[in-house]
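Take a look at the structure set out below.
The values are calculated or read from the model by the stated rules, or taken from the named source; none is laboratory data. Just so we're clear, the structure is a prediction, and the values are computed from it rather than from any experiment. Positions of Cβ are backbone-derived with ideal geometry, glycine not excepted, and every protein chain shown enters the neighbour counts. The accessibility values were calculated without ligands, DNA or RNA, using every heavy atom of the protein model including side chains. Shrake-Rupley method; radii C 1.70, N 1.55, O 1.52, S 1.80 Å.
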Amino acid sequence: MNLLIVGDVHGCLHTFKGLLGQHWKPDEERLIQLGDLIDRGNDTPGTLLLAKQLKQRHGANVVFLKGNHEYEFEQHIVNGPNEYWLPQCGYDTLNQLRAAEMELQEVSDWIGELPLLWENEHVLISHAGVAEKAEFPLDEANEIGVLWNRTPLRNVGKLQIIGHTPCKSGYPEYEKASHSWNIDTGAYRKVALSAIRVTPLGKVLEIVQSAVDPRDVSEQD
C-alpha cells in the first residue's frame, strides 16, 4: 500500500479537505499527517473532528503524528498555563475550541495518544526529523528531538519525510545528504499545503499541493 504523507495543516480545514478530496485514494493508500494539525488557522476544532472521523472510518490506514504544537497544547492542559504557547497562538486556539464546545481535556487525551513517528524498513516519518546530533530523538522536550529539530538531519538509511520548518521555496525540498524531504510549505502563511506520495519502498511517486483556501486564514495573519 502506497503512502500519502501530508505536511503541517495548522487548522486549515478547508485546504486539508480539498487536498484529500483531490489527491487521496483511501482504498489504495495509507494517509499519514506528520503533525501540527492544530493552531494558527481558522478552524482547529473542525480539523480535529475531521481527523477523528477519518480515524474512525479508516482505522490503521490513517495516521496522525504528534507535532510540537500538539505537544504545547498538551503541556498547557496537563501542567497549567503554557506561557510560551499562549501568546503565539494558544489564546486563539482555546477560544476556537470553547466556541465549538469541545472539551479541552478530551482534546488533550486524544493528542496524548498520538505517535511520534511512523516507519517501515524504508521510510521514516516524523514531525521534525531525526537530527544528526540527537542522542534522545524521541524525548518530546528535546530541542533537537523529532518534535522540535531544525538542525541537520541524520542519514538513517531510510527516506525521512518531515515538516515543521516551512520551506522558503514554497515547495517541498529534498536534502541529499540526509536522504530527506521537508514537505512543510506554510499553509498558515497562505502559501500552500503539500503532500508527497511514496511507495512502501521509499520511491517518490508524486508531490501534490493545494492552494490555501481563503476561509482558512484571516487577513490579519
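At-a-glance table
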{"item": "Candidate set: the stretch 161-196, residues that are over 26 Å from residue 13 (Cα atoms) and in contact with a strand residue (DSSP E or B) (Cβ under 9 Å, 6 or more places away or on another chain); chosen: the one most open to solvent (accessible area, probe 1.4 Å)", "result": "174"}
{"item": "Every pair of residues 6+ apart whose Cβ atoms lie under 6 Å, when the first sits in the stretch 92-121 and is of a type in the set (Val, Ile, Thr) while the second is buried (at least 16 other Cβ atoms within 10 Å of the Cβ)", "result": "93/39; 93/44; 111/70; 111/74"}
{"item": "All positions within the stretch 83-97 that are surrounded by 12 or more Cβ atoms within 10 Å (Cβ to Cβ) and either over 23 Å from residue 166 (Cα atoms) or among the polar types (S, T, N, Q) (or both)", "result": "88, 93, 94, 96, 97"}
{"item": "Evaluation of residue 30 against (1) assigned to a helix (DSSP H, G or I); (2) in contact with a strand residue (DSSP E or B) (Cβ under 6 Å, 6 or more places away or on another chain); (3) surrounded by fewer than 21 Cβ atoms within 10 Å (Cβ to Cβ) (one fails), failing number", "result": "(1)"}
{"item": "Those residues of the stretch 112-123 which are open to solvent by 40 Å² or more (accessible area, probe 1.4 Å), touching a strand residue (DSSP E or B) at 6+ places or on another chain (Cβ under 9 Å) and farther than 16 Å from residue 158 by Cβ, in sequence order", "result": "115"}
{"item": "Of the criteria (1) closer than 26 Å to residue 197 by Cβ; (2) open to solvent by 30 Å² or more (accessible area, probe 1.4 Å), which one residue 126 fails", "result": "(2)"}
{"item": "Pair list, Cβ under 9 Å, 6 or more apart: the stretch 140-155 residue in a loop (DSSP other than H, G, I, E, B), other residue crowded, with 21+ Cβ neighbours inside 10 Å and basic (Lys, Arg)", "result": "140/66; 146/66; 147/66"}
{"item": "Residue count, the stretch 1-27 (criterion: touching a strand residue (DSSP E or B) at 6+ places or on another chain (Cβ under 6 Å), under 11 Å from residue 192 (Cα atoms) and assigned to a helix (DSSP H, G or I))", "result": "2"}
{"item": "Criterion (farther than 17 Å from residue 8 by Cα, over 13 Å from the mean Cα position of the chain (by Cα) and modelled with pLDDT of 95 or more) met by exactly one of 46, 59", "result": "59"}
{"item": "Residue check, residue 155 open to solvent by 80 Å² or more (accessible area, probe 1.4 Å), among the polar types (S, T, N, Q) and under 26 Å from residue 176 (Cβ atoms)", "result": "yes"}
{"item": "Looking only at the stretch 25-43, and only at residues there that are touching a residue at least 24 places away in the same chain (Cβ under 8 Å) and over 15 Å from residue 163 (Cβ atoms), the one that is farthest from the chain's Cα centre (by Cα)", "result": "28"}
